[in-house]
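Input: a single structure, listed below in structure tokens.
The values are calculated or read from the model by the stated rules, or taken from the named source; none is laboratory data. Owing to the predicted nature of the structure, the values given are computational and were not obtained by experimental measurement. Here the Cβ positions follow ideal geometry from the backbone for every residue, glycine too, while neighbour counts run over all protein chains shown.
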């Protein structure tokens, strides 16, 4: 499980933005096996975190938030 601090401290998101950010990351995130089997392993969590770091600035621009 990814701790809330990853979103609120590392990515500097507000709590109310977390779910919309997760969905934003999932737009270009290969997740078919996660959805199909309902299982997310450590490799998937790390991949999600890496993708999050790549797209956080795009998310903030899209939502008119200061980067």
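Structural remarks
- Listed by position, the helices (runs of 4 or more DSSP H) inside the chain whose residues that are surrounded by 13 or more Cβ atoms within 10 Å (Cβ to Cβ) number at least 3 are 18-26, 42-62.
- Restricting the first member to the range 29-52 and to residues that are within 14 Å of residue 6 (Cα to Cα), and the second to residues that are assigned to a helix (DSSP H, G or I) and at pLDDT below 95, the beta-carbon pairs closer than 7 Å and six or more apart or on different chains are 48/25; 51/25; 52/25.
- Among residues of the range 4-28 that are closer than 12 Å to residue 56 by Cβ, those with a Cβ under 7 angstrom from a residue that is not in a helix (DSSP H, G or I), sequence gap 6+ or separate chain, pair up as 7/13; 21/13.
- Given (1) touching a helix residue (DSSP H, G or I) at 6+ places or on another chain (Cβ under 7 Å); (2) modelled with pLDDT of 90 or more; (3) over 21 Å from residue 1 (Cβ atoms), number of the condition residue 55 does not satisfy: (3)
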